[in-house]
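One structure is given below, encoded as structure tokens.
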Amino acid sequence: MKALDELTFDNRFARLGDAFSTHVLPEPLDEPRLVVASPAAMALLDLDPAVAETPVFAELFGGHKLWAEAEPRAMVYSGHQFGGYTPQLGDGRGLLLGEVYNAAGEHWDLHLKGAGQTPYSRMGDGRAVLRSSIREFLASEALHALGIPSSRALCVIGSSTPVWREKQERGAMVLRLANSHIRFGHFEYFYYTKKPEQQAELAEHVLKLHYPEYREQPEPYLAMFREIVERNAEMIAKWQAYGFCHGVMNTDNMSILGITFDFGPFAFLDDFDAHFICNHSDHDGRYSFSNQVPIGQWNLSALAQALTPFISVDALKETLGLYLPLYQAHYLDLMRRRLGLTTAEDDDQKLVERLLKLMQNSGVDYTLFFRRLGDEPAALAVTRLRDDFVDRAGFDAWAELYTARIARDGDDTEAQRRARMHAVNPLYILRNYLAQNAITAAESGDYSEVRRLHEVLSKPFEEQAGMGQYAQRPPDWGKHLEISCSS
Ligand code: AMP
Ligand code: MG
């Protein structure tokens, strides 16, 4: 266990120099205070969880203090936003404080979001509000607990600094952790600004630090691209299987590590709805729930375009072709597991599709359905669940196929099947209304709810005593919350 002043820095990205990032100091928040910290994320830095309660913790992550070895930098990147190219973006309100390595030898980027203006702030104030910082914190840690690759969050620091959005709010900072903060948009920036030398330097950096196993291959960059395609296919399969809607899949929000990144007006589905749009400024539904799958490929094509100086177009096209079959295989595998199946049959895809259509038509709660399906023997579970469906005959027909399929699947005991299903079907997910309750309390200075919710979500598959209220469908007020895009 380390104290805060014992972190070891090795700032590899900063060493790439001024073509890649700019030195900027954090702008401190007034009266910084700890809102919430993640002990699991602190463990990634070997930090003793008790240090979160010390005043120096809030000072460090509220922008007042800095380690001597930290080299805060704002990174430059660009990206396709809603399908159109924006030539220059960059860290407009976040800073890469430095890279810390832990006892296991892992490097973690410390990125402080809401740290003030930078050369890339454009018209923005460089700040993040408490509301969106809490949402990013909760989502990062909840996704990780579900087994969905994601950036992590160490803490949220609140303050009395006024920040103007639709109304006056308070500024906050969230400390994000990731093995890299390099986005598809980094490659696009150097490609479209026609800086081949820097682009090659960036590619070499990513290869060396994040995909070293491919350096000895005949075409290392192609192998690296293939891995990025594979990781994205798997990540998006998990989003779809668990009902996570990212909301702003612009290429500047896509990580070269294939982790969920840059949280905006995201949502987990309550009722299953393939057409759900969580981002209210997404008028065409470009990033609707079901569109996340083709958009994943679109984004990878944008990255492929930026990689044409290194890889032949034919090879890039062939590799992009791997995305959809890989996605489908991962998705089906997960959905089989969610249904309690251990074997594969040709008609399983249809069994899943039929179920989702029935759920869509009846507005069935996506998370609770799967959890309850594993609560009891299959034949009993379906008789209880049928009341949730408007089309009873349709559901009965599906249930008959399902129970027969379960019977053919294997001969483990009911208890084994139940344990297997509960291990993949969460009881607790980050419903928008739960986040909203925690935010409302935090905005009036009570951080107990955000802390409790974070703790519940850190063990989503385990039923926790006295936490039944976190495993409910939303109340009427919480069903279709308008999550502001301003953050
Ligand atoms: P996002 O929608 O958070 O992914 O941000 C898109 C771009 O806008 C990034 O370059 C951000 O750094 C920048 N940005 C977002 N909000 C602000 C803000 N309040 N101040 C400065 N830049 C911002
Ligand atoms: Mg972004």
**OP:** Select from the range 182-218 the residues that are in contact (Cβ under 8 Å) with a residue 24 or more places away in the chain and more than 17 Å from ALA306 (Cβ to Cβ) and list them in ascending order.
**Re:** LEU209
**OP:** Give the range 261-277 a look and list any residue that's within 13 Å of ligand 1 (Cβ to nearest atom) and touching a Ser or Thr at 6+ places or on another chain (Cβ under 6 Å), or say none.
**Re:** PHE261
Subject >> Condition check for ARG384: part of a helix (DSSP H, G or I), over 19 Å from ILE429 (Cβ atoms) and open to solvent by 60 Å² or more (accessible area, probe 1.4 Å) >> reply: yes
Subject >> Unmet criterion (only one of (1) within 13 Å of ligand 1 (Cβ to nearest atom); (2) under 19 Å from the mean Cα position of the chain (by Cα); (3) open to solvent by 20 Å² or more (accessible area, probe 1.4 Å)) for ARG183 >> reply: (3)
Original post:
Does at least one position in the range 82-90 carry a residue that is within 16 Å of ligand 1 (Cβ to nearest atom) and within 21 Å of PRO39 (Cα to Cα)?
Top reply: no
Subject >> Only one of GLU197, GLU234, GLU216, GLU230 that is away from ligand 1 (no atom under 16 Å from the Cβ), at pLDDT below 95 and of a type outside the set (Gly, Ala, Ser) >> reply: GLU216
Subject >> Residue under evaluation LEU112, criteria (1) more than 14 Å from ligand 1 (Cβ to nearest atom); (2) touching a helix residue (DSSP H, G or I) at 6+ places or on another chain (Cβ under 9 Å), criterion not met >> reply: (1)
Original post:
Which of (1) open to solvent by 60 Å² or more (accessible area, probe 1.4 Å); (2) touching a residue at least 12 places away in the same chain (Cβ under 8 Å) is the odd one out, the single condition TYR77 does not satisfy?
Top reply: (1)
Original post:
Within the range 8-23, how many residues are touching a residue at least 12 places away in the same chain (Cβ under 8 Å) and open to solvent by 20 Å² or more (accessible area, probe 1.4 Å)?
Top reply: 8
**OP:** Scan the range 131-168 for residues that are surrounded by 20 or more Cβ atoms within 10 Å (Cβ to Cβ) and of a type in the set (Asp, Glu) and jot them down.
**Re:** GLU136, GLU141
Original post:
Does ARG93 satisfy the criteria of being modelled with pLDDT of 95 or more, away from ligand 1 (no atom under 12 Å from the Cβ) and open to solvent by 20 Å² or more (accessible area, probe 1.4 Å)?
Top reply: no
**OP:** Considering only residues that are within 11 Å of ligand 1 (Cβ to nearest atom) and either open to solvent by 10 Å² or more (accessible area, probe 1.4 Å) or in a helix (DSSP H, G or I) (or both), look in the range 239-260 and name the one that is nearest to HIS80 (Cα to Cα).
**Re:** THR251
**OP:** Return yes or no: is ALA128 among the aliphatic types (A, V, I, L, M) and either more than 9 Å from ligand 1 (Cβ to nearest atom) or surrounded by fewer than 23 Cβ atoms within 10 Å (Cβ to Cβ) (or both)?
**Re:** no
**OP:** Would you tally the residues in the range 86-107 being more than 15 Å from ligand 2 (Cβ to nearest atom) and part of a strand (DSSP E or B)?
**Re:** 6
Original post:
Which residues, taken from the range 96-125, are open to solvent by less than 30 Å² (accessible area, probe 1.4 Å) and charged (D, E, K, R)?
Top reply: GLU99, ASP109, LYS113
**OP:** Identify all residues within the range 164-181 that are over 13 Å from ALA115 (Cα atoms) and touching a His at 6+ places or on another chain (Cβ under 8 Å); write none if there are none.
**Re:** LEU177, ALA178, ASN179, SER180, HIS181
Original post:
Among the candidates ALA41, ALA74, ALA70, which residue alone is in contact with a strand residue (DSSP E or B) (Cβ under 7 Å, 6 or more places away or on another chain) and in a helix (DSSP H, G or I)?
Top reply: ALA41
**OP:** Enumerate the pairs (first residue in the range 473-487 and at pLDDT 90 or above; second residue anywhere and in a loop (DSSP other than H, G, I, E, B)) with beta-carbon separation below 6 Å, excluding pairs fewer than 6 apart on the same chain, so at least 6 apart or on different chains.
**Re:** PRO474/ASP270; PRO474/ARG431
Subject >> Conditions (1) touching a Lys or Arg at 6+ places or on another chain (Cβ under 9 Å); (2) open to solvent by less than 20 Å² (accessible area, probe 1.4 Å): number failed by PHE369 >> reply: (1)
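The values are calculated or read from the model by the stated rules, or taken from the named source; none is laboratory data. Just so it is clear, the structure is predicted and the values come from calculations on it, not from any experiment. Counting neighbours? That spans all protein chains shown, and the Cβs are built from the backbone with ideal geometry, glycine included. Protein only, heavy atoms only, side chains kept; ligands, DNA and RNA dropped before computing areas. Shrake-Rupley method; radii C 1.70, N 1.55, O 1.52, S 1.80 Å.
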